[in-house]
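The values are calculated or read from the model by the stated rules, or taken from the named source; none is laboratory data. As the structure is a prediction and not an experimental result, all values here were calculated from the model. Every residue, glycine among them, receives a Cβ derived from its backbone with ideal geometry; neighbour counts consider all protein chains shown. Note: areas computed on protein heavy atoms with side chains; ligands, DNA, RNA excluded. Shrake-Rupley method; radii C 1.70, N 1.55, O 1.52, S 1.80 Å.
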Amino acid sequence: MGMIKLKKAAGFDLVSADNVGAVKIVSNDVVIEYTTGYKCTIAGASNLVEADVELCLGGIDEMNGASGKANEIIALSSLVTGTTVASL
């Protein structure tokens, strides 16, 4: 299973790069929707922007078909304060 690493103030969060159906901005957060019926909401210390979607997509694309280690840490325009997984 491929994972992307998102930089936090201390450490990082891991987010799955598998079965991604969409990546978009929703209420100033980046939301990754999965074909499995779940979504991961990535919140920043300040508003996240479309460029952050592109950074996440680049990390997901890099991990496409990969397994094992996660790729390098992705630094979004704002430090990640948390990630939440929920049903769509």
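Each residue of segment 45-60 is assigned a 3J(HN,Hα), and the resulting list reads 5, 9, 4, 8, 10, 4, 4, 5, 4, 4, 5, 5, 4, x, x, 5 Hz, derived from the Karplus form 6.51 cos²θ - 1.76 cosθ + 1.60 (θ = phi - 60°), x at Gly and Pro. The distance between label points at N47 and A22 comes to 2.1 nm (points 7 Å beyond Cα on the Cα→Cβ vector).
Ranking L48, L55 from most to least accessible surface, computed with a 1.4 Å probe over the protein chains only, gives L55, L48. Beta bridges from DSSP with both residues in the chain: antiparallel share about 90 percent, rounded to the nearest 5. Short-range pairs are left out: with C-alpha atoms under 8 Å and at least six residues apart, the relative contact order of the chain is 39 percent. Around T84, under 15 Å between beta carbons, what's the net of Lys plus Arg minus Asp minus Glu among the other residues? Net local charge, T84 excluded: -1.
Sparse packing (at most 13 other Cβ atoms within 10 Å of the Cβ) combined with a DSSP loop state is found for the following GluC sites (Glu not before Pro) in the chain: E72.
Taking other residues whose beta carbon is less than 15 angstrom from the beta carbon of K7, and scoring Lys, Arg as +1 and Asp, Glu as -1, yields -1. Just to confirm the filter: which trypsin sites (Lys or Arg not before Pro) across the chain are DSSP coil and have at most 10 other Cβ within 10 angstrom of their Cβ? Answer by residue number: K69.
Computed extension gain for E54 through K8, at 0.36 nm per residue and net of the alpha carbon distance, reaches 14.8 nm.
Helix-only arithmetic for the chain: the sum of -39500 (n - 2.57) across DSSP H runs with n ≥ 4, divided by the residue total, places the mean residue ellipticity at 222 nm at -5000 deg cm²/dmol.
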